[in-house]
Structure formats: structure tokens, C-alpha cells
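S.K.: Handing you a structure now.
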Amino acid sequence: MTQELGTYIEVAAALPVFGTYTYRLPEALRPRAAPGHRVLVPFGRRRVTGYILGPAAGTKPDTVKDVLDLLDAQALFPEDLIPFFRWVAGYYLHPLGEVIRGALPSGLNLYEYNLLAVNAEACPLPDDERLSPLERDILDCLRQGACRLKDLQNHLDRPVPGALLQAMVKCGWVARRKTLRGGRTRPKKAWLVRRVDALPVGVRITPQRRKILDLLEREAELPLRTIQKTIPGAAAIVRTMARRGMVALVETNVYRDPFGEPILPDRPPELTTEQRAALETMDAARRQGFSAILLDGVTGSGKTEIYLRAAAKTLERGQRVLVLVPEIALISQTERRFRARFGERVAVLHSGLSSGERLDQWLRILNQEAPIVIGARSAIFAPLESIGLIVVDEEHDGAYKQETGLRYNARDLATVRARMNACPVILGSATPSVQSYFNHQQGKFQRIRLSRRVQEKTLPAVDILDLRQIQNERGVRKYLSQALIDAIGETLARGEQSLIFLNRRGYASYPICSECSATLKCRHCTISLTYHQRANAYRCHYCGYTRAARATCPECGSDKIWHYGLGTEKLEEFLQRFFPEARVARLDRDTTRRKNGLLAVLKKLQAGEIDILIGTQMVAKGHDYPNITLVGVICADSTLNFPDFRAGERTFQLLAQVAGRAGRGERPGRVILQTYTPEHFIISAARGQNYARFYADEIQGRRALGYPPYNRMIQLLITGREADRTADAARRLGRAAQAELERQPPPGGRVSLLGPVEAALHRVAGRYRWQMLIRGPSASGLNRFVRQLLYDGHQRFERQGVKVSVDVDPLFMM
């Protein structure tokens with residue numbers, strides 16, 4: 001039930017500031033204001049967007065500023081989502097206003113900026129001889145148009161001293177103007193033409209008007225655009241008719257359609273014995289309120305059908321369903337399955353939508369027009385009320401973790417939101433995360449096992465090939481065994497499809513000078529560039545830096561660059577040359593950059609228009625294509641030796657998942673894993689899809705080293721553009737943390753500090769990187785310790801141009 005707002009309200013500003021603020025709500029705005037509305041409020045000397053959280057509590061400040069405006073006709077999120085926002089802000093040590101801003105569709109908020117402009121009308125500008133070179137450059141830039149200080153500095157490619165700018169303002173040469181920007185994303189409007197009960201007496205009905213009236217006789221109202229398709233020039237005629245009372249012309253909101261082609265309804269298949277038992281167990285758990293269910297099923301065991309049946313029962317009870325999938329690549333497949341079962345009752349939320357489409361889907365959910373929401377990690381914030389079921393598909397996937405800004409894990413937040421809504425959450429995977437399986441062993445999660453594929457289909461046969469036997473071959477043949485090449489040929493001969501997995505896009509990952517052996521590295525990162533043949537350029541996969549392919553060696557100037565290493569482009573070229581009759585395609589970030597690029601490739605694969613698909617990890621996640629009978633993994637241990645304690649877990653999951661793409665139809669599947677370490681326990685466990693063996697070995701190492709899940713962890717990432725200043729700030733932060741630990745040990749004890757040390761990727765996007773890990777058994781104890789540590793010294797680091805980012809429960813340790 002919506003709270004009544006009085007004179008004073010609590011507002012979270014959409015700024016990187018902690019805490020909330022009290023504002024006075026003018027009487028004229030009170031009837032329309034409610035929690036969840038956006039407001040325009042004064043903040044310091046600016047005007048910014050804020051979010052109404054409810055009536056202000058506690059003592060009112062002596063001076064309270066007034067709300068300037070109410071920005072929405074309706075609240076943008078339900079009131080019962082506010083406690084969830086507060087929990088997220090507290091746990092992840094992130095400003096509440098920024099949490100809400102990130103949850104909402106982008107492009108909504110208004111911000112006030114200072115614009116700089118030439119003030120030639122108020123004060124004649126001096127001659128160029130009287131100006132310094134920098135002053136002349138500033139005025140030349142501003143003559144082209146007003147801009148912000150940040151844009152001015154970017155244009156000049158140098159900093160502009162504040163004292164100089166202030167002096168130019170004082171002289172009258174430059175003026176500062178405040179302006180509101182933002183709010184570019186709005187609901188889409190369209191005109192509806194409606195029939196009136198009776199035509200006015202004496203109006204003339206021309207043939208064109210008669211056609212329009214005849215159309216409205218069949219339909220009480222029609223979009224103006226529809227009438228224009230039938231009757232050219234109808235817009236002007238309709239407006240005249242509206243002025244004379246012959247029709248009503250009404251502006252209304254319309255939704256932009258993100259789905260594309262319609263989907264035919266499906267017929268639910270007969271359930272297996274294991275599926276029926278799983279649904280019965282889930283139904284019993286639901287009656288208890290909150291429960292976390294780990295649905296541990298082999299690939300092809302029918303987990304999606306269980307989600308569909310559980311969703312149908314939830315809708316029958318008048319409740320709503322939230323389904324999370326790790327990547328856009330899987331959303332299209334899941335969305336199609338749910339729309340075939342539930343029709344237009346499905347909404348989608350993900351980054352592949354335009355800002356307008358995302359707003360439309362958000363409003364459909366908010367207006368309770370779509371009781372099922374499917375989306376990637378950001379959909380955890382969907383404005384659903386009365387949630388009865390949350391599903392997290394492929395719960396082990398690292399894509400649920402946001403790595404910038406608010407560094408949340410949507411899988412963990414799904415459990416939190418389910419608890420707040422007293423409903424079950426299903427965590428599904430063929431390769432559960434170590435954390436989730438550990439929670440099952442501790443009695444926190446209930447495990448349901450699906451051990452067989454549907455229709456008694458067999459798991460694929462897995463062969464392991466030792467790459468050391470062909471490491472002396474030349475070119476691509478050192479990565480492609482004859483056995484794999486023969487298997488691809490046999491698959492083609494049978495008219496079946498092959499999936500070749502290589503988790504490295506581009507053409508060559510290691511360009512090296514033939515003269516001096518120097519590596520071509522990114523200008524802004526401590527990482528080598530990757531050659532992309534189709535773009536004819538070298539690119540950095542971390543910051544996006546690009547160099548033309550004709551670039552010479554930065555050390556000796558030679559133009560003879562050798563392209564070592566294998567990427568998906570080079571593999572595609574080789575297979576196309578080796579199998580000229582085959583239709584070869586590639587699925588990686590380069591081929592799916594354009595909107596609907598991913599869907600285009602997947603549709604061709606479904607239609608049998610692709611014989612060999614080469615892909616990165618995008619192909620390993622939950623796709624179901626029955627005609628794929630061969631999966632080849634070029635290098636199974638490429639991620640095994642990363643300096644990260646989760647490297648083994650990620651490798652096992654990736655291999656088991658990609659192997660599960662084979663043999664999902666009527667014909668049996670085969671998997672070929674090529675590896676340099678065939679004896680490694682991760683490789684042999686993945687071969688048999690033996691999760692129990694993998695977990696038993698992996699958990700021993702975690703326990704011995706005190707890593708999660710036996711301890712909680714917070715990472716402090718210290719970054720800056722100057723190497724010495726960043727290193728100094730990291731060391732000072734480390735000393736401050738050690739002193740704080742000695743002064744006031746967290747409750748429960750056993751907190752340890754690791755670092756600070758240089759990050760494995762020491763420089764990314766021009767910023768030097770250090771990291772410190774804080775480890776301990778209590779999440780709340782670590783949270784309080786970091787809050788105390790940073791809020792005493794955080795501003796000192798910011799002033800020095802060094803940024804400290806907090807990552808609670810980090811996944812990316814590089």
C-alpha cells in the first residue's frame with residue numbers, strides 16, 4: 001500500500017553520494033507524488049534528479065530546500081522495491097541513488113551542467129596579440145559552440161587551469177550558463193483516431209472522409225498510421241475532421257516491439273519421471289514460503305521445461321515470474337520458449353534493447369501487463385510486484401556479476417529478492433558453482449538432481465587428444481589434430497553440424513616483430529594487441545584501442561610483423577579452405593556487434609544453413625540445436641593457468657557446458673577435447689561430466705587456502721593514471737587497513753589482508769591498477785570494516801586522482 005506523503009520527504013539523489021536527504025514537498029505537488037517518483041531537486045548549486053523513498057523520518061533539518069518539480073506522471077518503480085534497493089546499497093557499499101539510477105532504464109534523468117560560451121556581445125574580445133596561446137585556443141574552441149569544461153579539455157587535449165578560466169570569466173570574455181540535460185528517453189507517442197457517437201449536423205462528407213468513416217465503422221478506433229497506409233494524405237484529412245467533430249483524435253503511448261517475428265504456440269511435452277518428481281518437490285517447497293532450490297541437471301535433461309511448468313503454476317496463483325539468463329545469446333532462445341507457451345504475457349529486459357524499447361518493456365512490467373519477465377543480470381531490478389517465482393538459469397555463469405559501477409551479482413540478489421518476497425528461487429545448472437553446491441551441503445539450498453537426458457538420449461562420447469603430439473607442426477595444423485579434421489569431414493558427410501570452440505576472437509593473438517622480436521602492445525594497457533584480419537587492424541580487447549594493420553614496430557620501425565597465435569578468424573579461414581563446400585560461420589563478439597547480429601547467426605544454425613560454427617564461450621551456454629553432433633574444443637586448458645583461484649572451476653564448467661551442446665537430437669553426439677595437459681583432474685572430470693569428482697578435488701584446495709566459500713572476500717581496486725602516485729596510495733591504504741585491523745578487530749576475528757599488490761593486468765585503459773583483498777568468515781564484519789576504513793580516508797585518495805573501487809564477493813581477480 002502506497003504511503004501518504006506529508007510535507008517532508010526522503011529523497012535519494014542520482015549522484016555518487018552516500019545517504020539520503022530531506023526535502024519539502026510543495027503543496028501543489030503532494031496529490032500526485034508517491035514513493036517511486038522522480039523529482040527535480042536543488043543539490044548544492046546544481047539541480048539534479050532524485051527519487052522519492054517515502055516520508056522523511058526523524059528530526060527535520062533547520063533549513064530544508066523545496067522540491068522543484070515532479071518529473072513523472074506515475075511512479076517508475078513500486079514501493080516494495082525500495083527495501084531491496086536499500087539492501088543492495090548497504091551490502092555492496094554503493095550510493096543508494098546510484099543503485100536506483102542503474103536499475104532504471106537509461107536516459108531518463110536530468111542533470112544540470114555548466115556550459116562555457118564566448119561572451120563577445122557583452123564584452124569585445126581582445127586582439128590575439130594580447131592573448132596567451134592557451135587563451136586563444138580556448139576562445140577559438142568556444143566560438144564553435146558552447147560546451148562543458150570536460151569537452152573543452154578533450155578538444156584541446158590538455159587541462160585548462162581553473163584559475164585561468166575564472167580570470168577569463170571575470171574579464172567578460174567567457175560566460176558560464178547553467179542548463180539541464182538528459183531525459184532523452186521518453187515513452188513513444190502515436191495518434192489514435194476514434195469514432196464519435198453521432199456526426200455533427202450539416203458537415204460535408206467527401207469521398208475521402210467517407211472512406212475514413214467506413215474504416216471506423218468496422219473498428220471503433222484505429223492508429224492514424226494504419227489509416228494512412230490505406231488512404232494517402234489521410235493525416236491532413238483526419239485533423240480537419242477532428243476539428244469539425246467528425247472523429248476524435250487522441251494521443252496515446254505505444255510500445256516499441258523488441259521481439260520481431262511472431263512465434264507459434266507450442267504443445268507441452270510429456271514429462272519424464274525425474275521432471276515430475278522435481279515439480280512435486282518444488283510445489284511442496286513453495287508452500288513453505290522462501291526456499292532456494294539448486295536444480296542440478298545434466299545438459300539436455302529438460303530444465304527449461306521445468307521452468308515453464310513452474311511458471312504456469314505461479315501464474316495460476318495470480319503471481320509473477322522473473323527469469324534470469326546470463327547472456328543476450330540465451331535470452332532469445334528462452335524468450336522464444338516462453339512466448340510459445342505464454343504469448344504476449346512475456347516482457348524482456350537486456351542491454352541489447354534500445355533505450356526506448358527498454359523503457360517500454362519497463363512500463364509494461366510496471367503496469368502489470370506482462371507477468372513474466374526474462375532478462376540478463378539487470379532484470380533482477382525489474383519493477384515486478386507479487387513475485388511468486390524467480391529462476392536463475394545457468395546459475396554458475398560469471399556473466400551474472402557486474403564488473404563496473406555497482407559490482408553486484410544477480411544470482412546472489414535473486415536469492416535476496418526471493419527471500420523478501422517469500423517465494424522460491426530456482427538455481428539451475430548442469431555444472432553448479434562451487435558456492436551453490438557448498439550451500440546445498442550446508443543445508444541452505446535444497447538440491448534436485450536430474451541425472452538423465454529427456455527421451456533417454458545418451459550423453460556424448462568424449463575423446464581427449466594430446467596437443468603435445470602435434471606441437472611441432474606448422475601454422476594452424478599445430479592446433480588442429482588430424483582426428484578432429486577427420487571427424488569434421490565425417491560429420492559433414494552425414495549432413496550434420498559441427499561446433500568448434502575456441503575462446504579467443506580475432507585472427508592472431510600475438511603479433512611480434514620479425515626483426516627485434518618486440519610484441520605489439522596496447523598503448524593504454526599491459527596487454528598485447530590482437531590482429532583482426534577483416535577489420536585490417538590491431539585491437540586491444542580490454543580498452544578498445546586500435547592501430548592500423550600497416551603500423552610498424554614501435555621499437556625498431558620494421559614493417560615485418562608476424563602473426564602468431566590462433567583466433568576464431570584464422571580458424572574460420574583455415575576450415576573454409578580445408579572444406580570448401582561447407583558453410584562455415586563464426587559466432588563471437590565481432591560478428592554480433594550489430595543489433596540482431598546474434599539472432600541472425602542462430603537462426604541460420606537452426607535452419608540448417610550452417611555446417612560448421614566456430615565460436616567463443618558464447619556458444620557454450622545452454623543452446624539447444626539437435627543437428628549438432630560434433631563438438632571440437634581446440635585447446636581445453638587455455639583458461640586453466642590464469643592467476644585466479646577460480647580458474648579450475650571456470651575451465652571445468654566451460655568444457656562440460658560446451659560438450660553438452662552435442663547429441664541433443666535423435667543422433668548420438670561426439671566431443672573431442674584437445675589439450676596439453678590430458679592428465680589434469682579438471683580435464684578428466686570434464687570428460688566424464690563428473691561434477692562430484694571435480695568438486696571433491698576443488699573444495700579441498702579452497703579449504704586449505706581459506707578461499708570462498710569458506711571465507712567471504714572484499715576486493716579494493718586502486719587505480720590511477722600516474723604509476724608512482726597509484727602505488728603510493730595503494731601502500732598507504734594497506735598501512736591504514738593494517739592499523740585499523742589492529743585498532744578495532746572486526747567481530748568474529750580471523751580477518752586477514754592480502755596485499756596491496758600490483759594487479760595481474762597492471763594497466764588497463766590508461767589506469768595503473770593495484771588490488772588488496774580483505775578476507776574473513778563474516779560478510780557483515782567485512783562490510784563494517786571496509787566502511788570504516790574507506791569513509792575515514794576515501795576522499796584523500798580521490799583528491800590525488802586515485803580511485804578506490806569496492807568489489808564485494810569479487811569474481812574477476814586479474
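The values are calculated or read from the model by the stated rules, or taken from the named source; none is laboratory data. Predicted model, so just to flag it, every value in this text is computed and none were measured. With ideal geometry, Cβ positions are generated from the backbone for all residues, glycine too; neighbour counts draw on all protein chains shown. For accessibility, only protein heavy atoms count, side chains too; no ligands or nucleic acids. Shrake-Rupley method; radii C 1.70, N 1.55, O 1.52, S 1.80 Å.
S.K.: Compute the distribution of all C-alpha to C-alpha distances in the stretch 261-319, in bins of 5 Å from 0, and list the percent of pairs in each, rounded to whole numbers.
M.R.: Reading upward from the zero bin: 4, 14, 26, 25, 16, 10, 4, 1, 0.
S.K.: Rounded, prolate or oblate: which fits the stretch 640-700, taking a ≥ b ≥ c as square roots of the Cα gyration tensor eigenvalues, rounded meaning a/c under 1.5, else prolate when a/b beats b/c?
M.R.: prolate
S.K.: So for Ser514, Ser436, what's the accessible-area order with a 1.4 Å probe, most first?
M.R.: Ranking Ser514, Ser436 by accessible area, largest first, yields Ser514, Ser436.
S.K.: In the structure shown, do any of Lys303/Lys570; Lys303/Lys603; Lys229/Lys603; Lys65/Lys803; Lys521/Lys560 have a Cα-Cα gap over 24 Å, and if so which?
M.R.: Flagged as over cut-off: Lys303/Lys570; Lys229/Lys603; Lys65/Lys803.
S.K.: In whole Hz, with x marking every Gly and Pro, tabulate ³J(HN,Hα) for the stretch 512-522 from phi via Karplus 6.51 cos²θ - 1.76 cosθ + 1.60, θ = phi - 60°.
M.R.: Whole-Hz 3J(HN,Hα) from phi for the stretch 512-522: 9, 6, 6, 8, 10, 6, 6, 8, 6, 10, 5.
S.K.: Now for a separate question. Please list, or write none, the lysines whose alpha carbon is within less than 19 Å of the alpha carbon of Lys604, excluding same-chain residues fewer than 8 places away.
M.R.: List returned: Lys595, Lys621.
S.K.: State the percentage of accessible surface on the stretch 296-425 attributable to carbon and sulfur atoms; use a 1.4 Å probe and exclude ligands, DNA and RNA.
M.R.: Carbon plus sulfur share of accessible area: 44 percent.
S.K.: Where does the chain land on the Kirkwood hydrodynamic radius, alpha-carbon pairs, in angstrom?
M.R.: Kirkwood hydrodynamic radius for the chain: 30.5 Å.
S.K.: Shifting gears a bit: Per the helix-only calculation at 222 nm, which mean residue ellipticity applies to the chain, given -39500 (n - 2.57) for every DSSP H run of n ≥ 4 and division by its residues, nearest 500 deg cm²/dmol?
M.R.: -10000 deg cm²/dmol
S.K.: Which three lengths, in whole Å and largest first, does the stretch 435-479 cover when its Cα atoms are put on their principal axes?
M.R.: The principal-axis extents, from largest down, are 53, 31, 14 Å.
S.K.: With every protein chain left in place, what is the accessible area of Lys189 in Å² (1.4 Å probe, nearest 10)?
M.R.: Approximately 110 Å² of Lys189 is accessible to the 1.4 Å probe.
S.K.: Considering amide H positions built from the backbone, and no H for Pro or chain starts, which residues 5 or more places from Leu389, or on another chain, come under 5 Å of its amide H?
M.R.: Arg320, Leu322
S.K.: Taking the full set of protein chains and a 1.4 angstrom probe, give the accessible area of Lys313 in square angstrom, rounded to the nearest 10.
M.R.: Approximately 80 Å² for this residue.
S.K.: Output ³J(HN,Hα) for the stretch 129-137: one whole-Hz value per residue in order, computed from phi by the Karplus curve 6.51 cos²θ - 1.76 cosθ + 1.60 with θ = phi - 60°, and x for Gly and Pro.
M.R.: 5, 8, 9, 6, x, 5, 4, 5, 5
S.K.: Once Rh for the stretch 184-330 is found with the Kirkwood sum over Cα pairs, what is the Stokes-Einstein diffusion coefficient at 20 °C and 1.002 mPa s, in µm²/s?
M.R.: Answer, rounded: 104 µm²/s.
S.K.: Please turn the phi angles of the stretch 628-642 into ³J(HN,Hα) values with the Karplus equation 6.51 cos²θ - 1.76 cosθ + 1.60 (θ = phi - 60°), one per residue in order, whole Hz, x for glycine and proline.
M.R.: With coefficients 6.51, -1.76 and 1.60, one gets 7, 10, 10, 10, x, 9, 5, 9, 5, 10, 5, 9, 6, 9, 5 Hz.
S.K.: To continue, here is another question. What accessible area per residue, rounded to a whole number of Å², is obtained for the chain using a probe radius of 1.4 Å?
M.R.: Ligands and nucleic acids excluded, the result is 47 Å² per residue.
S.K.: Can you give the % of DSSP beta bridges in the chain that are antiparallel, to the nearest 5?
M.R.: So the antiparallel bridges amount to about 60 percent of the total.
S.K.: Counting only residues 5 or more places away or on other chains, whose amide H sits under 5 Å from the amide H of Lys521 once H atoms are built in the peptide plane?
M.R.: Leu529
S.K.: Mind jotting down the distance between the C-alpha centroids of the stretch 747-779 and the stretch 1-43, whole Å?
M.R.: 38
S.K.: Now, a different point. Could you tell me which of Ala248, Ala277, Gly297 has its Cα farthest along the dipole of the stretch 227-351 towards the positive end, charges placed at Cβ (Lys, Arg +1; Asp, Glu -1), taken about the Cα centre?
M.R.: The residue sitting most towards the positive pole is Ala248.
S.K.: Leaving out ligands, DNA and RNA, what percent of the accessible area of the stretch 620-697 is carbon and sulfur, probe 1.4 Å?
M.R.: Heavy-atom surface of the stretch 620-697 belonging to carbon and sulfur, 1.4 Å probe: 54 percent.
S.K.: Defining a contact as two alpha carbons under 8 Å apart and six or more residues distant in sequence, what relative contact order in percent does the chain show?
M.R.: Reported as a whole number, the value is 9 percent.
S.K.: Label the stretch 196-251 by shape, choosing from rounded, prolate and oblate, from the square roots a ≥ b ≥ c of the eigenvalues of the Cα gyration tensor; if a/c is under 1.5 it is rounded, and otherwise prolate applies when a/b is larger than b/c, oblate when it is not.
M.R.: Rounded shape, in that the Cα axes give a/c under 1.5.
S.K.: Give the long-range amide H neighbours of Tyr8: residues separated by 5 or more places, or on another chain, with amide H under 5 Å away, using H modelled in the peptide plane at 1.01 Å from N.
M.R.: Leu25, Ala56
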